[in-house]
Each structure stands twice: as C-alpha cells, then as structure tokens.
Amino acid sequence: GGSKGFGAFIADQTSRGVKLGLSTEAAERLARFYGSNVGSLHQIMKDRKQEQVQSGLPLELFASLEYALNEEMTFTPMDFWIRRTGALFFDISRVYRWKEAVHAWMGKRLNWTEAQSSSYKAELDAGLEAA
C-alpha cells in the first residue's frame with residue numbers, strides 16, 4: 001500500500017507478532033526493521049518454537065538470527081551483530097547480554113570447528129572492545 005498504508009501495515013504486523021508471543025514493542029520493532037520481510041520472521045516463530053526454546057534466546061532474537069542465517073548469508077557473530085542487526089553500534093548491552101547464547105546457537109547450526117568457534121569469539125570480543 002505504499003507510504004499511505006505504512007501505518008496500517010505496521011499495526012497489522014505488530015498485532016501478528018503479539019499473537020505469536022512477542023511484546024508489542026518487540027513486534028513493532030521487527031515490523032519496522034524488516035518491513036515486508038517480517039512475515040518470514042513470523043513463520044520462523046510459528047514453525048520453530050521448540051528450537052527457540054532450546055536455543056535459550058528470546059523469541060525476537062531467535063527469529064532475527066534464524067532469518068540472518070537462512071536469508072542473509074550470515075556466518076559469524078560479528079556479521080550478525082554489526083551488519084544484520086546494528087546492535088554492536090546501537091544496542092551494545094544487548095550484545096553483551098546475548099553474545100554467548102548467539103555464539104552457541106550459531107556454532108551448533110553452522111557446525112563450527114573448535115578453531116572457528118575460538119576465532120569468531122575473539123573477533124567479537126575485539127569488536128566489543130573497540131566499540
């Protein structure tokens with residue numbers, strides 16, 4: 001619906017996200033950040049609830065991470081936290097809070113070796129120090 005329909009789109013997608021278990025704030029944040037792709041994140045939330053629980057990640061973060069892994073060719077935590085979410089620059093406390101769980105889930109999903117895991121952890125720690 002273009003710019004005239006933007007408000008209605010955000011309201012509709014926020015409502016859908018809330019029905020899937022997100023807070024109103026988280027649902028709106030995803031709708032604004034992902035735009036017309038937010039439906040893909042909603043589908044992840046519907047289809048992969050058990051994995052989300054196993055990951056230890058909140059629903060919003062799990063959906064964003066899975067979307068990044070499946071649709072945005074994300075391979076490292078630095079890529080996720082900088083290029084896919086911007087959190088390293090704009091929400092660093094979120095990175096500190098969830099970096100271990102994100103790292104563990106990515107390692108499991110991408111079958112990292114111990115060397116890869118150590119390298120990616122060191123890269124993120126250096127990025128956090130620099131930020």
### Task
With everything on Cα atoms, drop me the angle between helix 59-71 and the longest principal axis of the chain, reported from 0 to 90° to the nearest 10.
80
### Whole-number accessible area per residue in Å² for the stretch 19-95, which is evaluated in the context of all protein chains at 1.4 Å
51
### Query
Taking the mean number of other Cβ atoms within 10 Å as a proxy for protection, how do you rank 100-109, 63-72 from highest to lowest?
63-72, 100-109
### Query
Per the helix-only calculation at 222 nm, which mean residue ellipticity applies to the chain, given -39500 (n - 2.57) for every DSSP H run of n ≥ 4 and division by its residues, nearest 500 deg cm²/dmol?
-22500 deg cm²/dmol
### Query
Say each of GLU100 and VAL18 gets a label point 7 Å from the Cα, pointing the same way as Cα to Cβ; how far apart are those two points in nm?
3.4
#### Entry: Listed peptides 112-123, 83-94 by packing density, highest first (mean Cβ within 10 Å)
83-94, 112-123
### Message
How large a share of the accessible area of the stretch 1-111, in percent, is made up of carbon and sulfur atoms when the probe is 1.4 Å and the other protein chains stay in place?
### Response
51
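The values are calculated or read from the model by the stated rules, or taken from the named source; none is laboratory data. No experiment lies behind these values; they were computed from the predicted model shown. Don't worry about glycine lacking a Cβ; one is built from the backbone with ideal geometry, like all the others, and counts go over all protein chains shown. Remember, those area values only see protein heavy atoms, side chains included, never the ligands or the DNA or RNA. Shrake-Rupley method; radii C 1.70, N 1.55, O 1.52, S 1.80 Å.
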